[in-house]
Amino acid sequence: MRHNGLDDSPQLQIDIDQRKAQALGVAIDDINDTLQTAWGSSYVNDFMDRGRVKKVYVQAAAPYRMLPDDINLWYVRNKDGGMVPFSAFATSRWETGSPRLERYNGYSAVEIVGEAAPGVSTGTAMDIMES
């Protein structure tokens, strides 16, 4: 028997201190939007180019999103219009985890594949697995 998935891999975990962020006037939605735009991308608009519609996406330049410490270069606008550095309310750390999270009926799940041992019926093998 074996799982049918990818092995755990390194992942960057960003921890947001929500109390600090709130005290600094920074909304969680703004933090998420900034992270998405900086490290991923955000759709902005369309424009016409030689008769074709082109999509516009915003993303941080590669040198500013290559290393985990680059998060300290980013700022989020607070409710008063001021810029607050991520380092004021966020920390990052490496951990290992599944690169793909599976769900079944809303619960965490993993697919298990295997076959019955020689001389054992499939029904018996399934009964053993379910017990």
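See the values below:
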quantity	calculated
Kirkwood-based shape ratio for the range 28-89, expressed as Rg/Rh from alpha carbons	1.09
Virtual spin-label span in nm between Tyr107 and Gln22, 7 Å along Cα→Cβ	3.3 nm
For the range 11-37 and the range 98-124, distance of Cα centres in Å	37 Å
In Å, descending, principal axis extents of the Cα set of the range 2-130	71, 49, 29
Highest to lowest packing among 122-128, 31-37, scored as the average C-beta count within 10 Å	31-37, 122-128
Rounded tilt (10° steps) of 28-39 against the dominant C-alpha axis of the chain	80 degrees
Relative contact order of the range 2-130, defined on C-alpha pairs under 8 angstrom at six or more residues apart (%)	35 percent
Among 65-77, 90-102, 49-61, the order from most to least packed when residues are scored by Cβ within 10 Å on average	65-77, 90-102, 49-61
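Taken together, the values in this text are just the output of simple stated rules run on the coordinates, not laboratory data. As the structure is a prediction and not an experimental result, all values here were calculated from the model. Heads up, the Cβs are rebuilt from the backbone with ideal geometry, glycines too, and the neighbour counts pull from every protein chain shown.
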